[in-house]
1. Where residues in the stretch 91-119 are within 20 Å of Tyr75 (Cβ to Cβ) and among the charged types (D, E, K, R), which of them is least open to solvent (accessible area, probe 1.4 Å)?
2. So in the stretch 97-118, with the set limited to residues that are more than 28 Å from Arg28 (Cα to Cα) and free of Cβ contacts under 8 Å to residues at least 60 places away in the same chain, which one is farthest from the chain's Cα centre (by Cα)?
3. Starting from the stretch 1-29, keep only residues that are open to solvent by less than 20 Å² (accessible area, probe 1.4 Å), then list their pairs with residues that are of a type in the set (Phe, Trp, Tyr) whose Cβ atoms are within a distance under 7 Å, requiring at least 6 positions of separation or different chains.
4. Taking the stretch 121-133, which residues are crowded, with 17+ Cβ neighbours inside 10 Å and assigned to a strand (DSSP E or B)?
5. Within the stretch 53-66, can you find the residues that are open to solvent by 40 Å² or more (accessible area, probe 1.4 Å) and at pLDDT 95 or above?
6. For the stretch 22-55, give me the residue count where each residue is over 18 Å from Leu83 (Cα atoms) and β-branched (Val, Ile, Thr).
7. Need at least 2 residues that are out of contact with any Gly (no Cβ under 9 Å at 6 or more places or on another chain) and more than 15 Å from Ala69 (Cβ to Cβ) per element, so show me which strands (runs of 3 or more DSSP E) inside the stretch 1-44 make the cut, counting only ones lying wholly within it.
8. Any residue in the stretch 70-96 that's at pLDDT 95 or above: show its pairings with residues that are open to solvent by 60 Å² or more (accessible area, probe 1.4 Å) and among the basic types (Lys, Arg) at Cβ separation under 7 Å, as long as the two are six or more apart or on different chains.
Amino acid sequence: MAGFTIEVACNDRDFWRYNYVVMCSVRRGGEEVEFLKHRDEVAPVGTELRKIPKGYNPERGVTLRSADAEELTLYIYVIPHTLPRENTTRDVAPLDMLLRVDHGTTTILKRHVEINHWSGENLELRLSATSGE
């Protein structure tokens, strides 16, 4: 038996405009054995900052490691606190967020997710150690 390793990363220069939360429930034998949570808040929602805040860390990715388990339910919330100055989506390319989930030494998910600058993103993924999504 092995645990899950969850990695979330975004190298986009505009990622400073977003807060994000990563949570996951890990199960073994149908029972939850652990609940992990990571929250990264740059500013309160609605702040509408004019520029990147002092002390901002552009390396905001997170890696979570779970206890030994067979199943994982992963929740990711990307929440804008500062909207783009542009008025249309065609003027702003979506953010590219990389998700990777390993079970032991096996990668069961590797996906790029496009994040809309105005709405952010809410993801729920159910993964199994043997079958992936």
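The values are calculated or read from the model by the stated rules, or taken from the named source; none is laboratory data. Quick caveat: nothing in here was measured; it's all calculated off a predicted structure. Cβ: placed from backbone, ideal geometry, glycine included. Neighbour counts: every protein chain shown. Ligands, DNA and RNA are stripped out before the accessible areas are found, and what is left, the full protein with its side chains, is counted by its heavy atoms. Shrake-Rupley method; radii C 1.70, N 1.55, O 1.52, S 1.80 Å.
1. Asp102
2. Initial filter on the stretch 97-118 (more than 28 Å from Arg28 (Cα to Cα)): 97, 114-118.
Of the ones still in play, those that are also free of Cβ contacts under 8 Å to residues at least 60 places away in the same chain are 114, 116, 118.
On the way: Glu114: 11, Asn116: 14, Trp118: 17 Å.
Out of the qualifying residues, it is Trp118.
3. Trp16/Tyr56; Tyr20/Tyr77; Cys24/Tyr75; Ser25/Phe35; Val26/Phe4
4. Just the residues of the stretch 121-133 that are crowded, with 17+ Cβ neighbours inside 10 Å, to begin with: 121, 125, 127, 129.
Scanning the stretch 121-133 gives Glu121, Leu125, Leu127.
5. Selection gives Thr63, Arg65.
6. Residues that pass the stated criteria total 3.
7. Numbers: elements: 3-9, 18-28, 31-40.
Passing ranges, in order: 18-28, 31-40.
8. Glu70/Arg27; Glu70/Arg28; Glu71/Arg27; Thr73/Arg126
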